[in-house]
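Values in this text are rule-based calculations from the coordinates and carry no lab data. Computed from a predicted model, the values in this text were never measured in an experiment. Here the Cβ positions follow ideal geometry from the backbone for every residue, glycine too, while neighbour counts run over all protein chains shown.
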């Protein structure tokens, strides 16, 4: 965009839409946008001598994106499975969605809403190599990748190996 007196208020010289799938994480989106931005900037710089014109931004569409706080990534199990799954994707790679289990932090790297038994929010209602199902305020969240305290990231198949998850409750 061209520089203007305000914050992000100048005309846009290039604008591209990027699809965001239901499993796209913030980190994946960042990487796609960085690559696209580099390509578009290189192409735009090649046209500068011929002259480029910008598209005026719609101030009604503008919003301020404040800095993330690590505390925002704490999971509130009273929220719905859809909302929690979106938060998990939004907080990868930082600060990573997390919750306490027996007083220890567990980080969640990949999760999605799933059909399943209901229960007290935060309670594990099922566990298999496909995922660890946790009851939420509305629906069930299936965790497919997580990180236990002091361990590396692991998929659900590794996490359920030798551990009885059903009935455990995340705080």
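Some observations on this one:
- Stokes-Einstein D for the stretch 70-160, Kirkwood Rh over Cα pairs, 10 °C, 1.306 mPa s (µm²/s): 126 µm²/s
- In the distance distribution for the stretch 1-65, Cα-Cα pairs more than 15 Å apart total 64 percent.
- Between helix 26-47 and the chain: long-axis angle, C-alpha atoms, 0 to 90°, nearest 10: 10 degrees
- Comparing 60, 158, 17 in a Gaussian network model of the chain where C-alpha atoms under 10 Å apart are linked, the largest mean-square fluctuation is found at 60.
- Overall dimensions of the chain as given by Cα atoms, namely Rg and Dmax in Å: 20.9, 67
- Theoretical FRET efficiency, 1/(1+(r/R0)^6), r = Cβ-Cβ of residue 74 and residue 4, R0 35 Å, to 0.05: 0.40
- The angle between the Cα long axis of helix 81-90 and the longest principal axis of the Cα atoms of the chain comes to about 50 degrees, rounded to the nearest 10.
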